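Taking it in order: structure first as structure tokens, then the write-up.
The values are calculated or read from the model by the stated rules, or taken from the named source; none is laboratory data. Remember, it's a predicted structure, so these values are computed and weren't measured experimentally. Here Cβ is always computed from backbone atoms with ideal geometry, including for glycine, and neighbour counts include all displayed protein chains. Remember, those area values only see protein heavy atoms, side chains included, never the ligands or the DNA or RNA. Shrake-Rupley method; radii C 1.70, N 1.55, O 1.52, S 1.80 Å.
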Amino acid sequence: MGRSRYIWGTTAVVSAGLVGGLLLTGGSDQPGRNADRDGRPGPVKSQARTAALPTTDQGTRATLKQDRTEPFSMLGITWSDPAARVTGTIEARTRAAGSGQWSDWLRLDGTGGQGEAGARRGGTEPAWVGPSDGVEVRVTADGRTSDRLPAGLRLDMIDPGGGDSGTGVPGGMEPAGHHVDAPDDPAESPDPADTEPGEVPDPDAPAGEEETTAPTEPEPPVEPAPSSQTPTASPPASPPPSATPSPSASATGPAAPPSTAPRPAIVSRAGWGADESISPEEPGYLPGGKIKAVVVHHTAESNNYTCADGPAVVRGIYAYHVRQLKWKDLGYNFLVDKCGTVYEGRKGGVDQPVMGAHAYGFNAETTGISILGTYTDVAPSNAALTSVARIAAWKLGQYGVSPAGTATLTAGESGSNYTRKTWAKGAKLSLPALHGHRENYNTQCPGNAYYAKLPTLRDWAAGPVKGLAIKSVTGAGLSGTTYYTTAAVTVSWTATTPSALIGKYELLVDGEPVATAAGTATSARATLAPGSHQVQVRATHQSGKTATSAAATVVAETTAPTFPVKPALALRTGTVNTTAVPVTLSWKASDDAALKEVRLTAPTTATYGPATTSAGLTAKSGAATSWSLTAHDQAGNTGTATVSGTPVIVQETSATRTGTWTGKSSTSYLGGKSLTSSAKDASLTWTFTGRSVAWLVSRAATSGQAHIYVDGTKAATVDLKSATAKYRDAIWTKTWSTSAKHTVKVVVVGTSGRPAVTTDGIVYLK
């Protein structure tokens, strides 16, 4: 049952004045239950109010607005002929109790059909609107397909009970005699003389009739069995010892076969506060005693309920189906709220093949599950879908039906579906074993967004586990597509099938299970022997079907990485300070499996990738510094190496001079002083023992060139010209493989127009 495709027509509005109802809200010691005055659990009484919707414009419009009504939380629009449809528009909005704020207009489905044969009234799906004390309705016939709205049109408002409205009644129980049941058709409408102030009676009702608090005549017969079926003999009086009957199971119910899937938790009718007095008729069971398919629905009402409202919403639907539409019981076999809580619907035992009133023409071979809310544009929550999958798997599993399979159903009545496929009574239809209501009835139910989820729902219910994949391997490093570890790893995985439908997981190493985890687990540990291994995860669905993830290659190894070439230090170009001499640290690390990184641990810290072999750093002059490196492989093994060095600054005054040199003073120079010369062939010579050297100069746009000789051989000609002024600049460096005694001589070239050369000295690495 649910919302069908809408056909817009012209608009109209309906208004009624209602008093005398009682809103019962709040909680109790059990979900959805009341307590009698002595504290014993008991049913929750619901209240119902009706208001006739008089038509105008030759029966094509009906409007109603009431700014003050007795509190209610659910509403629906009903009419006398259960087979009639309203293909125009039915809309309602309500005023929130307390805040007085009016809601947006809510579209109601007027194309819902009979839930079971003999239904006394037709109507929309009931809409949960939350605690309300005002209502406005507008109904318009579709001028293209119908000339008039159906007879007996009325607004039905339900307070599902379950709380305290300030009446002083303990536990939210209603006062005796306060309940007002809705008339089942215009002939049973209240006498206008007895109508409370502001109430609008049904204009078609004769005077003198009164509303009743319970059905006063036998309920209509349940839907007939398909013409090709013959009712079976009376079933066993009680289920076999292996089955656990529902608290509401009938003594005459058939035996409950065991299922291939576990039973999910289900809130019993007593748990949600069912008032059994309003549906005293014994439950009925499928004529063939076998469920062939599951039909899923949405209740086509607002999604703006809280999970705590779930029992009240179920009670409201129950009251609407029984009191307003005059069905024998709640139409659905099971209901699920958006938090995934499952509620027992039609009585007779949740483990029995109870005949519901949810799929007219196919009730005799199916069970119905409805999610509370409307899912035309938004999909149900994963929690709700998971519960539907679990119920479907359990119920179909009792009769050996795969949720991913198909079922051949015999039509109990002629009809058509949402795609306009038609059939005659007795026709054989091949349908998915888990299908939406729209496939066997002309309705949009269970909504487009929900309907799109049915393939996923079948996968979840039937198995095997879908979307199984290894997500990560911790305790191991990843290089390319291979993991490396010393031995112990934690393998994490993911799956799209909800954990509630998964029996267990197994961690496989080279095809053999080494660890087992619950279906709720997402990881497991293993210790690997040295060598290369194929690691997988195997999931066992509750059906027993298994799925195995793609393999991950994991190599276990304990060999430490090495430094085949000892790390080395060298001076580099850049600005020199006594506390920061530019140096280059170089290294070569390797590993027999997969090098991950090299970390510098002293005198500072840094981390470098496996392809990096050097880094530019700085060192304090005059101080011996030890540089420590640690190589890490992907498995977690490590190897270390160290190199030491001392940068030594030699001032310009320590050089042997030839030619003319002039001293200069500035805080920008090392030691505050430098030497400068513009005389061609003037020279400075330093002698030192070390393995790396750098010449320090000052530079400007007027700076000239100099020749550099190393150990008597010309090594370079350096141009000191710079667009910006620079001081203490290591402009030239040279490094040897070993430490030795060397001389460095600087000779002024005498460059035309800019002959000056200014130097601070040298720095060498001891």
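Some observations on this one:
- Distance in nm between pseudo-label sites at S532 and N448 (7 Å out along the Cβ direction from Cα): 5.2
- Mean accessible surface per residue for the stretch 613-766, computed with a 1.4 Å probe while every protein chain stays in place, in Å²: 43
- Rough spin-label spacing in nm, given labels placed 7 Å along Cα→Cβ, for K766 and T490: 5.2
- Inter-centroid distance (Cα atoms) of the stretch 611-674 relative to the stretch 462-508, Å: 50
- Length gained on full extension, T656 to R525, computed as 0.36 nm times the residue gap minus the Cα-Cα distance: 40.0 nm.
- For the stretch 678-744, pairs of C-alpha atoms spaced more than 20 angstrom apart make up 32 percent of the total.
- Equivalent-ellipsoid semi-axes of the stretch 371-433, from the Cα gyration tensor, Å, largest first: 26, 19, 9
- The stretch 294-442 pair-distance distribution - Cα-Cα, 5 Å bins, rounded %: 2, 10, 19, 23, 21, 16, 8, 2, 0
- The mean of 1/r over all distinct Cα pairs in the stretch 590-644, once inverted, gives the Kirkwood hydrodynamic radius of 12.0 Å.
- The Rg/Rh ratio for the stretch 389-486, using Cα coordinates for both the radius of gyration and the Kirkwood hydrodynamic radius, is 1.26.
- Surrounding net charge for G636, when Lys and Arg each add one and Asp and Glu each subtract one, Cβ distance under 12 Å: -3
- Using a simple spin-label model with pseudo-atoms 7 Å out from Cα toward Cβ, A623 and A606 lie 1.8 nm apart.
- Scaled radius of gyration (Cα, divided by 2.2 N^0.38 Å) that the stretch 264-329 gives: 1.28
- Partners of K566 within straight-line reach, counting lysines whose Cα lies under 30 Å from its Cα and excluding those fewer than 8 residues away in the same chain: K588, K596, K620, K734, K741, K766.
- Taking 1.567 mPa s as the viscosity and 4 °C as the temperature, the Stokes-Einstein diffusion coefficient of the stretch 486-576 based on its alpha-carbon Kirkwood radius rounds to 82 µm²/s.
- Range of Cα positions in the stretch 637-679 per principal axis (Å), largest first: 60, 25, 16
- For the residue pairs K326/K453; K453/K545; K292/K504; K290/K545, the C-alpha atoms sit more than 30 angstrom apart in K326/K453.
- Solvent-accessible surface (1.4 angstrom probe) belonging to E557, in square angstrom, nearest 10: 20
- Counted over the stretch 423-473 with a bin width of 10 Å, the fraction of Cα pairs per bin, in whole percents, is 20, 38, 25, 11, 4, 1.
- Once the Cα gyration tensor of the stretch 608-714 is diagonalised, semi-axes √(5λ) in Å: 39, 15, 15
- Here the extension length gained between D510 and K664 equals 47.7 nm, from 0.36 nm per residue of separation less the Cα-Cα distance.
- Whole-number D in µm²/s for the stretch 492-646 (Stokes-Einstein; Kirkwood sum over Cα pairs; 4 °C, 1.567 mPa s): 68
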